Structures are given as C-alpha cells and as structure tokens.
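What follows is one structure encoded as structure tokens, with my remarks underneath.
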Amino acid sequence: MELLIVIVFALGYLAITLEHSLKIDKLIPAVSMMAICWAIIAFGIDDFKYWFDSGQHKLLESFGALEHEGKMHLMEETLLHHLGKTAEILFFLLGAMTIVEIIDYFDGFSTFKSYIKTKNKKRLLWIFAFLAFILSAIIDNLTATIVLITILQKIVNNKETRMWFAGLIIIAANAGGAWSPIGDVTTTMLWIANKVSAGKLVEFLVIPSLVCMVIPVFIASFMKPFKGNLDGDVEVSPDEIHDTTYSSIMLYLGLGMILFVPAFKTITHLPPYVGMMLSLGVVCTFAEIFSTKQFRITSLSDNKDSVGHHSPVHKSLSQIEMPSVLFFFGILMAVAALESLGMLFHFAEDLNTTIPNTDIVVMLLGVGSAIIDNVPLVAASLGMFSQEIDNPLWHFIAFSAGTGGSMLIIGSASGVVAMGMEKISFFWYLKKITWLAALGFISGAATFMLMRFLIIG
C-alpha cells in the first residue's frame, strides 16, 4: 500500500511539474492525488504498521496492534488535524489576497510609478530591485512581481530590455519574500506551523536575502543590457499616477494592515489568520466607505466611475485566484498523507544517515525548489525535521526554498507569472539569468552560515 501511495504522489507531482506541457491546471493533479492517497489509506488502514502523530510529533509504533475501529478513529482525527492546519494557511492567504485585490481595485499600486523618474537603465534596475525586495516582503513575491512588471511595461518599450529587467525582478522578489513571514507561501507555512517567529526570521534572513539580491543586481548593472538610457520610453503622466482619489490611501492602509498581522500575533498569541481577518475587516470597511463617497459625488455627473458603482469587496473577492488556493490545499493534504504513514519521518532518518551535513541537505532542497514547487518541499520538511522553534535549520530552509526557485523560471510563482506576462522562454532565462540567480543563492547561503557561526558559535 505504501508503494502505491508513493506512485500516486509521484505521478501527481510529475503532472504538476509538467503543467505547461500537459496544458492542465496544477490544481487538478494536486486535489486528485490528495483524495486518492487518503482513499488508499482508508482502504488499507489495517495493513499499516506505523502512524505519525503530527500533534505530538512522534511515531506511534504500536499502531499496528490497534483494532480496525481504533485505526479508523485515529485516521479521522489526523485528517481533521491536518485540515485545520491547512485551513489556517488558506484563510491567511485568502485574507492577504483580498486586501491586495482591494488595493488594486482603487489602483493603489499606481502610486509606485511616482518613484520612477529616471531613464538611466542602471539606476532604474536598482529602483526596481529594491522595490521588489521590499514590496514582496509585504504583499508576497508573486503579487510584487505582477505589480512591478505591469509598471515596467508602461515605461520600457524594448522587449529584450524588459525581459532582462523582469529576470532581475524575479530574483529580487524571491529574495525579499524569504525574510518575511508574509512574503512567501513557504515562510508563511513555517511561521504558522510555529517553526519560526517573525522577529527571528527577519533577524536571521534579512541580510542573507539582501546579499542574495544585491550580488546579481550589482553584476548585472555592469552588463550591456543595463548600460545607457531608455530609448522611446513612455513618460508617466500625473493623471496616470493616481487614477482614483483614494489610491494612495488604500495602498498605505492595505500594506499597513498586512504589516499589522505579525504584531497582532505577538501581542495576542492567536494564529496569524485571526489577525489577517481583522486587517481584512478594517480594509473592507474603508473600501466600502470610500466607494460610497465616490458614488455620491459621481452620481451627479455623467462620468461613470466603476469604483463608485460596485462594491469593492465583492469585486475583489471575485478576483481571488481560487485555483491557487485549491492547489495549496491539495498539495498540503497530499503531503500530510505521506507524513501520517511515517514515510517522511523514515525518509528524514535515511537522508540524515546518507548525508549527515544538514546544510547540504537544505541547500539541495533549495536547488530542488528550482525544479519542482517549493510548497510541497517545505511541507515535507515540516514532517522530516523536529527541531524546536527558531532553530537555524528552519531559517535556512526558509531561505533556500524561497530563493532557490529563482535559478529556473519555472521554479517559483513569480517566475511563472513573469514568464506569462513577458513571454520569456525557459531557455532564454536559463542562458541569461540562471547563473546570476545561482550566484545570489550561493552568496546568500554562505552569508547565512557565516552569521550563524558568529551568532551561535
């Protein structure tokens, strides 16, 4: 039965990896393999000798001696436990996604255009890199990439130049997401699972992540694509910077309420999704108020302002990427099936025996995240290691999983979305950007290990 589950998981994983070749959304294999894996467990429950108690994080070797009813009851409790933990992540993401959509509804991200006034390519590269690094730490690397490439398309006409900028934005966005508990799905997973705290994550990873971003950008700034000034670029007009009256207000309010979530968790010790729901409630309240005000003003004129005639909350909720949410659900629950049977526990033991150096193991996870999705890799690591909260191992996993995906354009959500927006080919990225991302990853990893040595000894 264990072999059958592994085969199902491997086939599902392969389908996720080949999403673009198969032309099927990755949510389909994710939710399918989740359901099939748990169905196999239910049908073959009497044949399993081991069961992993995720709540107590220990292997129940006496599982095989239990009666059928006892095994089924334990399976149902375990399934409910994993559903609860997965729901914490999903509701957190749903709240964050909705806030971002509300900001976009009021065209809040257009405010960033005001910071871009230069035509010098090198200076523009550094502006976009730091914007990506900071913005991704607040609203996640995927959204940051979408926002910045959208702005990039408005100010750079040359496609080849835009592709180079997009490649460096991917590296900067992934690096920025690694040091924030809300910057990437994987860091959010580790934070919600109480493997890292927000303060220690920032303390340990902000400098390695900065190095991971600065090194590639510094090298690229001396390369031919970033020499000279932009030709035929589009000027940013004042009208384009603020499309609505409340764009800046909603931008700063939305970002501020997202940043409030870690503070709320620290003060109340409640799960992060509770704070995110509070933040969502505040942002939604102001969105509805501003929308009503605009309706009253514009209703007297012939100018039909979409912001005033629709509920921003309802509109924003309709824009949520539910396929991504269902993908996270499917993959996390599928990995939970492997964890429950003790497979990840035994795999971790074998891995530590074969490769006793955990740094090498974690860096291999980073390299692996460039080939396959980093979400299941981190989900698997949660079941492989049992170190306490804020152990340097968890911080290194967060860094490696977050930044390692930059080495291939398919290795991260930000890379995939940039690939779609700018039609960047896999092999162009491999030839032009991969080596820069690899240098950044290695430099950041070396910086982390040096800091760990100096801090811990």
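Relative contact order of the stretch 306-399, please, whole-number percent, based on alpha carbon pairs below 8 angstrom and at least 6 residues apart.
33
Taking only complete DSSP H runs, can you tell me which helices of the chain stretch 20 Å or more along their own long axis by Cα positions and average at least 1.6 on the Kyte-Doolittle scale?
Passing helices, by number: 2-17, 27-43, 121-139, 198-220, 322-340, 434-456.
Scan around Ser197 for amide H atoms under 5 Å from its own, H built in the peptide plane at 1.01 Å from N, and keep only partners 5 or more places away or cross-chain.
Excluding prolines and chain starts, which carry no amide H, the hits are Asp390.
In nm, what is the difference between 0.36 nm times the number of residues separating Trp435 and Leu230 and their Cα-Cα distance?
Numbers: separation 205, 0.36 × 205 = 73.80 nm, distance 2.51 nm.
Full-extension gain reported as 71.3 nm.
What is the spin-label model distance, in nm, from Leu317 to Ile24 if the labels are put 7 Å beyond Cα along the C-beta direction?
Rounded to a tenth, the inter-label distance reads 3.2 nm.
With only Lys, Arg, Asp and Glu charged, each at its Cβ (+1 for the first two, -1 for the last two), find how big the charge dipole of the stretch 2-456 is about the Cα centre; round to the nearest 20 debye.
Value, rounded to 20: 1820 debye.
What FRET efficiency do you get for Ala35 and Leu66 if R0 is 25 Å and r is their Cβ-Cβ distance, rounded to the nearest 0.05?
The value I calculate is 0.55.
Can you tell me the relative contact order of the chain? Whole percent, Cα pairs under 8 Å, sequence separation 6 or more.
Averaging sequence separation for qualifying contacts and normalising by length gives 24 percent for the chain.
Using 1/(1 + (r/R0)^6) with R0 = 30 angstrom and r between the beta carbons of Leu59 and Leu454, what's the FRET efficiency to the nearest 0.05? Don't skip to the answer; put the middle values down first.
Numbers: r = 36 Å, r/R0 = 1.20.
Calculated value: 0.25.
For Thr17, project a label point 7 Å along Cα to C-beta. Then give me every residue of the stretch 349-373 with its amide nitrogen under 14 Å of that point.
365, 367-373
Amide H of Phe52 versus every other amide H placed in the peptide plane: which residues, excluding those fewer than 5 positions away on the same chain, fall under 5 Å?
Sorted by chain and number, the residues that satisfy this are Leu60, Leu341, Gly342.
Provide the packing ranking of 391-401, 269-279, i.e. peptides ordered by the mean count of other C-beta atoms within 10 Å per residue, highest first.
On the way: 391-401: 25.5, 269-279: 18.3.
Final packing ranking: 391-401, 269-279.
Order 94-105, 318-329 from most to least packed using the mean count of other Cβ atoms within 10 Å. Provide the component values of the computation, followed by the final result.
Numbers: 94-105: 23.6, 318-329: 15.9.
Ranking, from highest mean packing down: 94-105, 318-329.
Could you tell me the calculated FRET efficiency between Leu3 and Leu351, based on Cβ-Cβ distance and R0 = 25 angstrom, to the nearest 0.05?
Here the calculated transfer efficiency is 0.85.
Considering only C-alpha atoms, what is the centroid distance from the stretch 121-191 to the stretch 394-447, in Å?
12
By how many nm would the segment from Ile289 to Phe43 lengthen if fully extended, with 0.36 nm per residue of separation less the alpha-carbon distance?
83.2 nm
How large is the helix-only mean residue ellipticity at 222 nm for the chain, computed as the sum of -39500 (n - 2.57) over DSSP H runs with n ≥ 4, divided by its residue count, in deg cm²/dmol to the nearest 500?
Dividing the helical sum by the residues of the chain leaves -23500 deg cm²/dmol.
Sticking with the crude label model, points 7 Å out along Cα→Cβ, report the distance from Gln387 to Ser425 in nm, one decimal please.
In this crude spin-label approximation the distance works out to 4.2 nm.
Round to a whole angstrom and tell me the spacing of the C-alpha centers of the stretch 22-54 and the stretch 256-272.
Here the answer is 33 Å between Cα centres.
Computed from the coordinates by the stated procedures, all read-outs in this text should not be read as laboratory data. Remember, predicted model here, so these are calculated numbers, not experimental data. Note that each Cβ is placed from the backbone with ideal geometry, even for glycine, and that neighbours are counted across all protein chains shown.
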